[in-house]
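Worksheet for the structure shown next.
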Amino acid sequence: IQVSDFFVVACLEDFIANAHLFIFETFCRLHQSISISMLADKLNMTPEEAERWIVNLIRNARLDTKIDSKL
């Protein structure tokens, strides 16, 4: 993404948020178990940011799910 692009600047945050969601959904479909560090690497986030992002995603979707800290 070129931040200086006139057409992208207005929707850059939305674009990145949707890209993260697309990567997350695709990654979950391909793998049975996922480590936070592996996902953080794919999302270009720190492990702490990725974990917070996943927790917020679950919370906002009102899913009955849990994050298992042991694989």
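The values are calculated or read from the model by the stated rules, or taken from the named source; none is laboratory data. Because the structure is a prediction, the values reported are computed rather than measured. With ideal geometry, Cβ positions are generated from the backbone for all residues, glycine too; neighbour counts draw on all protein chains shown.
Side notes on the structure shown:
- Against the test of being modelled with pLDDT of 85 or more, on the phi < 0 side of the Ramachandran plot, of a type outside the set (D, E, K, R) and not in a helix (DSSP H, G or I), the options Met38, Met45 yield a single qualifying residue, Met45.
- Scan of the stretch 19-35 for residues that are hydrophobic (A, V, I, L, M, F, W, C) and modelled with pLDDT of 85 or more, ordered by number: Ala19, Leu21, Phe22, Ile23, Leu30
- First in the stretch 4-18 and modelled with pLDDT under 75, second anywhere and surrounded by 12 or more Cβ atoms within 10 Å (Cβ to Cβ) and assigned to a loop (DSSP other than H, G, I, E, B), Cβ under 6 Å, 6 or more apart: none
- Of all residues in the stretch 21-62, those satisfying the criterion of being touching a helix residue (DSSP H, G or I) at 6+ places or on another chain (Cβ under 6 Å) and aliphatic (A, V, I, L, M) are Ile23, Ile36, Leu39, Ala40, Leu43, Ala50.
- Subset of the stretch 19-44 [in contact (Cβ under 8 Å) with a residue 12 or more places away in the chain and surrounded by 14 or more Cβ atoms within 10 Å (Cβ to Cβ)]: His20, Ile23, Phe24, Phe27, Ile36, Leu39, Lys42, Leu43
- Scanning the stretch 1-20 for residues that are within 17 Å of Glu51 (Cα to Cα) and in contact with a helix residue (DSSP H, G or I) (Cβ under 7 Å, 6 or more places away or on another chain) yields a single hit, His20.
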